[in-house]
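Structure, as structure tokens:
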Amino acid sequence: MSAANCLLSEDQFLCSICLDVFTDPVSTPCGHNFCKNCITTHWDISDRCQCPMCKKVFKRRPELHINTLLSEVVAQFKLEAQQKTSSSSSEQQVSKPGEVPCDVCTGTKLKALKSCLVCLTSYCETHLEPHLTRSTEVEQLSLSEDHLHLLQSFPSLKAAPPTKDWTEVRVRPPSYEGTVVRAVTQLEETLSEEMKKLFEAELKRVQQYAEDVTLDPDTAHPQLILSKDGKKVHCGDVWKNLPDNPERFSQCPIVLGKQSLSSGRFYFEVQVKGKTKWNLGVARESINRKGKITLRPQNGYWAILLKNGNEYIACISPSVRLSLKSQPEKVGVFVDHEEGLVSFYDVAAAALIYSFTGCSFAEKLYPYFSPYLNDGCKNSSPLIICPVNQTE
């Protein structure tokens with residue numbers, strides 16, 4: 001495997017438009033990340049506002065904000081890559097002390113002007129221009145809407161950069177590949193540790209907005225059983241004879257929290273341990289509470305769910321299957337009303353599960369809970385609203 005392929009597998013650090021490491025990364029409402037300048041330019045020259053990745057069309061041009069967390073991770077990534085490049089280059093012969101040599105030259109090496117973070121190669125003035133020509137061609141093709149032209153143009157990208165003297169081209173020894181693999185592995189471990197620290201700090205920050213949430217019995221479906229303190233809910237087998245007031249859910253086993261949010265920030269945690277099915281999140285005040293319900297933001301629900309014991313889903317259209325490293329036993333829910341953000345966290349792992357971004361909240365939001373049906377005691381464990389422990 002080449003050095004370029006090793007780094008390209010880390011696609012979370014590469015903008016799909018310019019094919020380079022993110023600069024000022026922003027997130028679109030559909031959850032994809034791009035360089036701010038790239039996506040802005042892409043929309044300026046296109047006849048419609050569309051995500052280049054999933055092709056989702058936005059009726060109104062989204063307001064883009066810098067993804068500060070991703071920016072910090074990318075900055076760390078660039079720093080680590082530069083350190084690896086400098087370390088590798090320092091072991092080779094250089095023209096003068098403190099200078100990085102060109103990796104393409106042979107014999108007496110010329111001083112390198114720039115190092116590429118993608119291919120981990122340093123270039124002198126002679127060899128820099130062909131490299132930049134290829135990068136520019138890739139960027140232009142990535143902005144094209146003509147997919148046939150894109151495919152027809154790819155053979156030219158595979159051609160070697162022109163050089164005046166082919167005798168200067170040096171093939172690296174086989175040991176170089178092993179060195180790069182070890183360097184990338186170490187970089188992945190370092191980034192994983194740094195990302196965990198960042199998420200831990202992020203979780204502690206949102207936990208500062210914890211609210212004392214209790215369940216509202218006037219909204220509870222007749223099969224749901226609530227604890228006296230309003231902190232636990234599970235589904236029973238008996239349909240209780242309760243008044244069918246407008247606030248009560250009549251068909252789906254759902255209950256809302258008493259507390260509402262119309263501005264600012266809001267956070268609560270729910271224990272989901274021992275359950276095979278559940279869903280939770282927040283819902284707007286005017287949701288339909290009678291008959292069949294479809295969990296979608298356009299219907300007033302921002303929620304995630306578990307089904308079949310190990311399948312985690314983000315409830316959007318189309319739904320998104322979530323890949324988690326571990327099964328959460330306690331889920332944190334954070335809402336930023338002004339930012340239009342709803343985020344879900346695995347509290348024990350201090351990991352982000354999923355975020356709804358670019359949301360429009362025109363009315364009050366309420367915590368939303370569904371323990372699902374009992375399923376022959378397989379799913380009898382309750383959902384439990386937990387006190388927030390910020391030292392956890």
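So, Val57, is that one over 22 Å from Glu338 (Cβ atoms) and free of Cβ contacts under 8 Å to residues at least 40 places away in the same chain or not? Don't jump to the end; show me each part of the working.
On the way: over 22 Å from Glu338 (Cβ atoms): yes; free of Cβ contacts under 8 Å to residues at least 40 places away in the same chain: yes.
Yes.
Residues of the range 304-329 being assigned to a strand (DSSP E or B) and more than 16 Å from the chain's Cα centre (by Cα), which ones? Those that are assigned to a strand (DSSP E or B) and more than 16 Å from the chain's Cα centre (by Cα): Leu305, Leu306, Lys307, Glu311. Considering the conditions (1) assigned to a loop (DSSP other than H, G, I, E, B); (2) under 17 Å from Gln259 (Cβ atoms), Gly332 is excluded by exactly one of them, (1). Candidates in the range 355-369 are the residues that are out of contact with any Lys or Arg (no Cβ under 9 Å at 6 or more places or on another chain) and open to solvent by 40 Å² or more (accessible area, probe 1.4 Å); of these, the one that is nearest to Asn310 (Cα to Cα) is Thr357. Residue check: Cys252 meets all listed conditions (1) at pLDDT 95 or above; (2) surrounded by 14 or more Cβ atoms within 10 Å (Cβ to Cβ) but one, namely (1). If you go through the range 344-361 and keep only what is under 12 Å from the mean Cα position of the chain (by Cα) and within 16 Å of His65 (Cα to Cα), you end up with Ser355, Phe356, Thr357. Give me the residue from the range 210-249 that is polar (S, T, N, Q) and assigned to a loop (DSSP other than H, G, I, E, B) and, out of that set, surrounded by the fewest Cβ atoms within 10 Å (Cβ to Cβ). Checking each candidate, the answer is Asn241. Might you let me know whether the range 215-237 holds any residue that is closer than 20 Å to Gly291 by Cα and modelled with pLDDT under 90? Yes, because at least one residue in the range 215-237 is closer than 20 Å to Gly291 by Cα and modelled with pLDDT under 90. Of all residues in the range 160-202, those that are modelled with pLDDT of 60 or more and part of a helix (DSSP H, G or I) total 28.
Among the residues here, Ser46 does not qualify as under 19 Å from Val180 (Cβ atoms) and modelled with pLDDT under 85.
Could you please let me know if Lys111 is modelled with pLDDT of 80 or more, more than 20 Å from Leu14 (Cβ to Cβ) and of a type in the set (D, E, K, R)? Step through it out loud before you land on a result.
Values: modelled with pLDDT of 80 or more: no; more than 20 Å from Leu14 (Cβ to Cβ): yes; of a type in the set (D, E, K, R): yes.
Against the criterion (modelled with pLDDT of 80 or more, more than 20 Å from Leu14 (Cβ to Cβ) and of a type in the set (D, E, K, R)), Lys111 does not qualify.
Condition check for Leu7 on (1) at pLDDT 80 or above; (2) not in a strand (DSSP E or B): one failure, at (1). Scoring Tyr372 on the criteria (1) outside any loop (DSSP other than H, G, I, E, B); (2) among the hydroxyl-bearing types (Ser, Thr, Tyr); (3) open to solvent by 20 Å² or more (accessible area, probe 1.4 Å) leaves a single failure, condition (1). Within the range 375-386, the residues that satisfy the criterion of being open to solvent by 10 Å² or more (accessible area, probe 1.4 Å) and either assigned to a strand (DSSP E or B) or closer than 17 Å to Gln298 by Cα (or both) are Ile384, Ile385, Cys386. Whether a residue is at positive phi, out of contact with any helix residue (DSSP H, G or I) (no Cβ under 9 Å at 6 or more places or on another chain), among the small types (Gly, Ala, Ser) and surrounded by fewer than 19 Cβ atoms within 10 Å (Cβ to Cβ) was assessed, and Gly264 passes this test. Being among the aliphatic types (A, V, I, L, M) and assigned to a strand (DSSP E or B) is the filter; apply it to the range 335-353 and report the residue that is nearest to Leu383 (Cα to Cα). Taking the candidates together, the pick is Ile353. Within the range 16-65, the set of residues being assigned to a loop (DSSP other than H, G, I, E, B), among the β-branched types (Val, Ile, Thr) and in contact with a His (Cβ under 9 Å, 6 or more places away or on another chain) comprises Ile17 only. Note on the range 15-28: residues that are touching a residue at least 24 places away in the same chain (Cβ under 8 Å) and open to solvent by less than 50 Å² (accessible area, probe 1.4 Å) amount to 9. Scanning the range 37-63 for residues that are open to solvent by 30 Å² or more (accessible area, probe 1.4 Å) and within 16 Å of the chain's Cα centre (by Cα), which turns out farthest from Pro25 (Cα to Cα)? Result: Cys54.
The number of residues in the range 250-271 being within 19 Å of Val335 (Cα to Cα) and assigned to a loop (DSSP other than H, G, I, E, B) comes to 6.
The values are calculated or read from the model by the stated rules, or taken from the named source; none is laboratory data. All figures in this text were calculated on a predicted structure; none of them were measured in a lab. In this analysis, Cβ positions are derived from the backbone assuming ideal geometry, glycine residues included, and neighbour counts consider all displayed protein chains. Calculation scope for accessible area: heavy atoms of the full protein, side chains included, ligands and nucleic acids excluded. Shrake-Rupley method; radii C 1.70, N 1.55, O 1.52, S 1.80 Å.
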